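Below is one structure, written out as structure tokens; the observations come after it.
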Amino acid sequence: MAPKSCALCRNAKAILRRPKTGQQICKDCFFRVFETEVHNTITEARLFKQGDSVAIGASGGKDSTVLAYVMKTLNERYQYGLNLFLLSIDEGITGYRDDSLETVKRNQQQYDMPLKILSYHELYGWTMDRVVSTIGKKNNCTFCGVFRRQALDRGAATLGVDHIVTGHNADDIAETVLMNIMRGDIARLGRCTAICTQGEDTIRRSKPFKYAYEKEIVMYAYFKKLDYFSTECIYSPDAYRGHARAFLKDLEAARPSAIIDIIHSGEAFEVKDEVRATQKAQQTCIRCGYMSSNDLCKACSLLEGLERGMSTAAITDKGRRKLEAQGPAPDNLRTIPYFHPPNSTITNDSPEQPQVND
Ligand code: SF4
Ligand code: ZN
């Protein structure tokens, strides 16, 4: 049987089946549709304006490596006028992050972008290796996730950038929608599909791969022969997310559009005013100045628990009561350096959203 021709250009031989649509297409058409869809996501959401400085959260993994490559390509092709940086967080995980950071350092050379690496050790005085050796493999991802979020903002503030982009893809977002439904976490459900988020005074953060399928990102990296690191973290990832992931993969196998459909369903949820009214207002942490909905931000609470030998203090009510029974924090407690966020005037509700050229 003669090889099929590409369903898009009708010219070249089809060599792959596009996971998102099932179309049989050639390599060049795949690159073009993948890049164009990301460009459309960026322009429709008006993510950037000319002259913005943007940090790409880079872990050395497939998502962020493809993101760095595609951001560079689109910035040049469509003249976005962005100053691009790579920003990596070193959690201090021997045999995992140290190796993946070597990949990011090569990406820095390959893509000719400045790179900033900020470590948990530098910021919090703890590596994840030490956290896990102290608390075990339960709750380690809670510490890691909270620490990473704040580290990214602090690294971006050091670089003086306006915006952070992360490699979260459509599968990640659909999984998060499912997890929030299963947990009944209405507050997070209301915001987890937002392409761009910004707190009171933090840096804008967005997900240009919001509609890009994980399988297509892997395919893109493979056919472009991109240099990325594919090993999983040695500390067991979130088990609950693993269940959501397995469920989503089953749904995708039965109907590939399930991923996008779940995201669209998430976007359509509206949080009732009564529920919204119960959500806590944002303030700044009295200890480190970072955005928080309590007196102390989550990172300061978790760090205090570690430093005072009560790692569950910021995780369970029982842990918190135990810490409170010990009295106030000692004066010499290790704390996170004070955060001075860059001034920003853009909010999610701004009528004048920044824009790049179509
Ligand atoms: Fe951190 Fe957990 Fe991710 Fe490992 S799996 S990098 S410990 S959040
Ligand atoms: Zn704090």
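The values are calculated or read from the model by the stated rules, or taken from the named source; none is laboratory data. Since the structure is predicted, the reported quantities are computational estimates derived from the model, not experimental observations. Heads up, the Cβs are rebuilt from the backbone with ideal geometry, glycines too, and the neighbour counts pull from every protein chain shown. The protein model used for the area step is the full one, side chains on, heavy atoms only, and it has no ligands, DNA or RNA in it. Shrake-Rupley method; radii C 1.70, N 1.55, O 1.52, S 1.80 Å.
If you go through the stretch 340-355 one residue at a time, do you hit one that is part of a helix (DSSP H, G or I) and either modelled with pLDDT under 90 or crowded, with 18+ Cβ neighbours inside 10 Å (or both)?
The answer is no; no qualifying residue exists.
Among the candidates GLU232, GLU270, GLU274, single out the residue that is loosely packed, with under 13 Cβ neighbours inside 10 Å and within 21 Å of VAL177 (Cβ to Cβ).
GLU270
Does the stretch 127-139 contain any residue that is within 16 Å of ligand 2 (Cβ to nearest atom), within 17 Å of GLU304 (Cβ to Cβ) and either in contact (Cβ under 8 Å) with a residue 24 or more places away in the chain or buried (at least 19 other Cβ atoms within 10 Å of the Cβ) (or both)?
no
How about the stretch 154-199: which of its residues are part of a loop (DSSP other than H, G, I, E, B) and charged (D, E, K, R)?
Selection gives ASP162, ASP185.
Report yes if some residue within the stretch 225-232 is part of a helix (DSSP H, G or I) and modelled with pLDDT of 95 or more; otherwise report no.
no
Can you tell which of ALA151, ALA194 is away from ligand 2 (no atom under 16 Å from the Cβ) and not acidic (Asp, Glu)?
From the options ALA151, ALA194, the qualifying one is ALA194.
Show me the helices (runs of 4 or more DSSP H) entirely contained within the stretch 16-125 in which 1 or more residues are in contact with an Asp or Glu (Cβ under 8 Å, 6 or more places away or on another chain), in contact (Cβ under 8 Å) with a residue 40 or more places away in the chain and open to solvent by less than 10 Å² (accessible area, probe 1.4 Å).
27-44, 62-77, 97-111
What number goes with the only condition from (1) modelled with pLDDT under 95; (2) at negative phi; (3) in a loop (DSSP other than H, G, I, E, B) that LEU8 does not pass?
The number of the failed condition is (1).
Test VAL161 against the stated conditions and say whether it is over 22 Å from ARG308 (Cα atoms), touching a residue at least 12 places away in the same chain (Cβ under 8 Å) and in contact with a Gly (Cβ under 7 Å, 6 or more places away or on another chain).
no
Identify the single condition in (1) out of contact with any helix residue (DSSP H, G or I) (no Cβ under 6 Å at 6 or more places or on another chain); (2) surrounded by 14 or more Cβ atoms within 10 Å (Cβ to Cβ) that ILE173 does not satisfy, given that it satisfies every other one.
With respect to (1) out of contact with any helix residue (DSSP H, G or I) (no Cβ under 6 Å at 6 or more places or on another chain); (2) surrounded by 14 or more Cβ atoms within 10 Å (Cβ to Cβ), ILE173 is out only on (1).
Would you check if there is a residue in the stretch 278-287 being crowded, with 19+ Cβ neighbours inside 10 Å and either more than 16 Å from TRP126 (Cα to Cα) or within 16 Å of ligand 1 (Cβ to nearest atom) (or both)?
Yes: one or more hits.
Exactly one condition in (1) charged (D, E, K, R); (2) in a helix (DSSP H, G or I); (3) open to solvent by 50 Å² or more (accessible area, probe 1.4 Å) is false for GLU252; which is it?
Only one criterion is unmet by GLU252, namely (3).
Just one of TYR235, TYR222, TYR211 is assigned to a loop (DSSP other than H, G, I, E, B) and closer than 27 Å to ARG106 by Cα; which is it?
TYR235
Run down THR166, THR127 and say which single residue is modelled with pLDDT of 95 or more and more than 25 Å from ARG204 (Cβ to Cβ).
THR127
Which of the residues belonging to the stretch 145-201 are over 19 Å from TYR213 (Cβ atoms) and of a type in the set (Ser, Thr, Tyr)?
Passing the criteria: THR158, THR197.
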